[in-house]
1. Considering only protein heavy atoms and a 1.4 Å probe, what is the carbon-and-sulfur percentage of the accessible area of the chain?
2. Leaving out ligands and nucleic acids, and using a 1.4 Å probe, what accessible area per residue does the chain come to in Å²?
3. Quick test of the membrane-span-like rule: which DSSP H helices of the chain reach at least 30 Å along their long axis (C-alpha atoms) with mean Kyte hydropathy at least -1.0?
4. If pairing requires two Cys Cβ atoms under 4.7 Å apart, which cysteines of the chain are left without a partner?
5. With every protein chain kept in the model, how would you rank Thr330, Thr170, Thr229 by accessible area, 1.4 Å probe, largest at the top?
6. Return the label of the correct value of Rg/Rh (Cα atoms, Kirkwood Rh), as calculated from the structure shown, out of (1) 1.02; (2) 1.04; (3) 1.16.
7. Which of the trypsin sites (Lys or Arg not before Pro) found in the range 241-346 are in a DSSP loop and have at most 11 neighbouring Cβ atoms, other than their own, within 10 Å?
8. Hey, which lysines would be in cross-link range of Lys332, C-alpha to C-alpha under 24 Å, not counting anything within fewer than 8 residues on its own chain?
Amino acid sequence: MKNPLSNLFASSIIAITALFTFAQAGVTYPEFADSAHIYGPKVSPKDLKKKVVFFEFWGINCPPCRASFPHLVELQSKYKDKGFVVIGSHAQLLSPKVKEFCEEQKVNFPIYQQIHIPGASLNSGLPCAFLINARGDIVAQGKPGDLYDKVEDLLKDCEAEVASILEGVTLNKYKKFEKYLSANTRNLDKFIEKQFRSKPDDEEAQAICASYDKWLESTKNDIAAKIETDPVGAVAAYSKFKVAVPSFKEYDNQIRLIKNNKDLKKLAVLKAKVTNMQDRINKGRRVPVTEVDLLVKELDKMETSIMPGVSTSCADMKGILQDVRNQSETIKENRKKEREEARKKKQQGGGYNMNM
């Protein structure tokens, strides 16, 4: 009998890989050969600069692949004006049916034959998708359906970060800085130093510096709090922060100790499982009580770890799992009522009319 948590564990491993491998794994877009182009607009590395990219390997003879296309067309239509683009790489033998299918689906994004992006290679069955942020970092990978919701979240996170860095600042002279931030926060400390701190008599430049400094302090405090309560979140937040501010070293030793602790990856696995269960509940899907109980037992074992923040993190996750259990039972009861109502309607509809 297949372990009911096997699929969940696999998705958890993907999440851990994203956390520890992809945090700063920038991709380099290749030149997309015209000879490989099948359908839709053509793209070049220049077109993808500062764009969020949804890159998917698919095949015409793969039913789940074909089923993903309406969603991809919708995503492209919805977010194309927000710096987002879908790219499809057909990974099976080329057939006239590929172009016919694209025409039927009214595909509005580029389709190429067997193209690869270094760092985002086909490493599982079809379909296989990668979500790449505007800085060229792979932030998620897996089945397309697991990534759809992450697109909006990624775009919102980017907007929220830009808004936080520029909080209270009205840009006039430096309006292009907002667009720059939405796509590039690498070495932001050096950029701020060069472009704005060097202009002490420029009021708008100094307002940007003040807002940046406020964001810096707030982010540092947030990471410090996570070190004590959420070590997995602390590592992820610190990795992202160091991309923007590589000169910051205050928490290097603490983060290094956390990353070297053998319990961190175990905790990341558990956190990914909890998140997966939350996602299932949010989509109206039940989570079997047995799965919840097994996860609670794993968290009970983890609470004995000496790593800072583990006990608090485990307690928080167990609280989330209690909510998952309650909501799952509610879904179960509602479905039971729906089946009972459907059964009664069927009986009533199939009964004899005595007045005939």
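The values are calculated or read from the model by the stated rules, or taken from the named source; none is laboratory data. Every value quoted in this text rests on a predicted model; they were computed, and no experiment measured them. Because the Cβ atoms are built from the backbone with ideal geometry, glycine has one as well, and the counts that use them run over all protein chains shown. These accessible areas exclude ligands, DNA and RNA; they are computed on the full protein's heavy atoms, side chains included. Shrake-Rupley method; radii C 1.70, N 1.55, O 1.52, S 1.80 Å.
1. That share works out to 51 percent.
2. Value for the chain: 56 Å² per residue.
3. 144-165, 203-229
4. Taking the Cβ cut-off of 4.7 Å, the unpaired cysteines of the chain are Cys102, Cys128, Cys158, Cys209, Cys314.
5. Thr170, Thr330, Thr229
6. The listed entry that was calculated here is (2).
7. Lys249, Lys262, Lys283, Arg285
8. Lys2, Lys273, Lys283, Lys297, Lys318, Lys344, Lys345, Lys346
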